[in-house]
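Report on the following structure.
Just so it is clear, none of the values below were taken in a lab; they were calculated from the coordinates. Everything quoted here is computed from the prediction, not taken from an experiment. Please note: Cβ atoms are built from the backbone with ideal geometry, for glycine as well, and neighbour counts cover all protein chains shown.
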Amino acid sequence: MNLKRNNIKSGLLVDLDGTLLKEHDVISEAVSTDLRRLNKILPISIVSGRGPSDVLKFSKSLDLKGPQYCENGSRIIDGFTGSLISEKLIPYYSASYIYGVIKKSRAGCILVANGETQKDPLEISSKISSLLAYSKIEGELTVVEKTLEDHQGVISIKSSDENGYFFLNYHRKDSGKHTAVDHFCNFYRILPEDIFAIGDGMNDLLMLRKCGHSIAMGNASNLVKNEATFVTDTIENDGVSKSINDYILPNFL
């Protein structure tokens, strides 16, 4: 993208799981082609609950430049180099307590430390930006959620993926996908009401609410659909491509 930042009037924020990624972490050829075409007109940033290594892999595969948002906004990286722009770390004592609660439950544990994702680690690390409890049985996360509901300084964000897993994401309270909107606007000097956002999950809601043009995937829950400006097709039917061609590109042609 060769756009000058002071000439940019709009942008797109897009979720990964359930929005861009089909099963086995595949982005369809149609979606990839349309995103590349759109990126010649306006900046595009991924906003995901995933860690930096995953976000960088997909941003590079799509030739996205500029800030990309990981771990629900807890880390921001450069989409081309992967260099860290900013991070919001959970204090060690707090991360250690959350880790202990998850390990005592039936749920699995994922943490992101020093930008690296660790699945079911045997011990806790330093510089942790997020911890996740995960399970294919949503009820197994309820025990974790109730135990930690009064824990100070963190927020829990629920999400799920296309492989049938449910997640309970713990981050610092000043994180969340809506914070990506603030950073994106400041970086490109544009207004939230001029931004497009596409998502499918509960963790996308605050981002969708903050953007002027919100698009829910056809596979999203009714709650997410009811909050969105538009509803597109499902991920299996390349809903992102249809969003670009039906709702975004007509504004620039």
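Within straight-line reach of Lys136, meaning a Cα separation under 17 Å, sit the following aspartates and glutamates at least 8 residues removed in sequence or on another chain: Asp17, Glu23, Asp120, Glu145, Asp161, Glu162.
In what sequence do Glu162, Glu123 fall when counting other Cβ within 10 Å, fewest first? Fewest-to-most Cβ neighbours within 10 Å comes out as Glu123, Glu162. Dipole of the stretch 92-172 computed with +1 at Lys/Arg Cβ and -1 at Asp/Glu Cβ about the Cα centre; of Ile110, Asn163, Ser125, farthest Cα towards the positive end is Ser125. Each Lys or Arg adds one and each Asp or Glu takes one away; over the other residues whose Cβ falls under 13 Å from the Cβ of Lys136, this sums to -3. Residue order for Lys57, Lys88, fewest other beta carbons within 10 angstrom first, comes to Lys57, Lys88. With viscosity 1.306 mPa s and temperature 10 °C, the Kirkwood radius over alpha carbon pairs of the chain converts through Stokes-Einstein to a diffusion coefficient of 87 µm²/s. Here Lys225 is the anchor, and the lysines within straight C-alpha reach of less than 20 Å, apart from those fewer than 8 places off in the same chain, are Lys22, Lys158, Lys177, Lys210, Lys242. A straight Cα-to-Cα reach below 17 Å connects Lys9 with the aspartates and glutamates Asp182, Glu193, Asp194, residues fewer than 8 places away in its own chain not being considered.
Cα centroids of the stretch 186-253 and the stretch 135-151: 29 Å apart.
Put in order of Cβ neighbour count within 10 Å, fewest first, the listed residues Cys185, Cys211, Cys109 become Cys185, Cys109, Cys211.
About its Cα centre, the dipole of the stretch 144-253 is roughly 320 debye, where the only charges are +1 on Lys and Arg Cβ and -1 on Asp and Glu Cβ. Give me the one-decimal Kirkwood hydrodynamic radius in Å for the stretch 92-172, with the sum taken over alpha-carbon pairs. Radius from the Kirkwood sum: 12.5 Å.
Counting Lys and Arg as +1 and Asp and Glu as -1 over every other residue whose Cβ lies under 10 Å from the Cβ of Ile85, the net charge comes to -1.
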